[in-house]
Amino acid sequence: MKTARAIILTIALLLSSMYASAQIPAVKVENAKGETVSTGSLVDGKTPMIISFWATTCKPCIQELDAINEALPDWLEEAEFRVVAVSTDDARFTAKARSLAQGRGWGDFTLLFDKNQEFMRAMNVTLTPQVYVVDKDGKIVYSHTGYSPGSENELLKKIKELKK
């Protein structure tokens, strides 16, 4: 049992160090206006961000984004950052993803639609929800997969650590 824990800890440390040095790749996606944009343009050198990969069929994804959306006004009083919600639904379901995001009131998020899953692949996302905290320079400083109620608070904690 101790050996298994040691292996898991080693893998977790390797992955966290890999993410700590990773940068946001520049991939073409569609924004909420239907325009093609580069994900590299998300990095502005001023504002950190939370990037959440989600799908319309992923209930935990929607729960996490709803929780972030609900907490967002309070969080923005504590730190300046942006939330980028990246739909991983393919072209057949983009209209459904747009409608769902609008219906749930995610208007304060930067909405991106990764219809060909190129951004998803470039970020090594295999499961949703997958969430990253990215510093102002585009460096990934934290990531997690999955969602349980309350775990969104870790995101704010990581954002606030970037101010130090």
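Quick notes on this structure:
- Within the stretch 110-126, the set of residues being within 16 Å of V37 (Cβ to Cβ) and either open to solvent by 60 Å² or more (accessible area, probe 1.4 Å) or touching a Leu at 6+ places or on another chain (Cβ under 6 Å) (or both) comprises K115, N116, E118.
- Filter result for Q102 (closer than 21 Å to V37 by Cβ and of a type in the set (S, T, N, Q)): yes
- Output for the stretch 89-109, where each listed residue is under 16 Å from the mean Cα position of the chain (by Cα) and either of a type in the set (D, E) or open to solvent by 20 Å² or more (accessible area, probe 1.4 Å) (or both): D89, G107, D108
- Residue in the stretch 119-141 that is in contact with a strand residue (DSSP E or B) (Cβ under 8 Å, 6 or more places away or on another chain) and within 15 Å of N31 (Cβ to Cβ) present: yes
The values are calculated or read from the model by the stated rules, or taken from the named source; none is laboratory data. What you see is a predicted model, and the numbers here were worked out from it, not measured in a lab. Quick reminder, even Gly has a Cβ in these numbers, built from the backbone with ideal geometry, and neighbours come from all protein chains shown. Note: areas computed on protein heavy atoms with side chains; ligands, DNA, RNA excluded. Shrake-Rupley method; radii C 1.70, N 1.55, O 1.52, S 1.80 Å.
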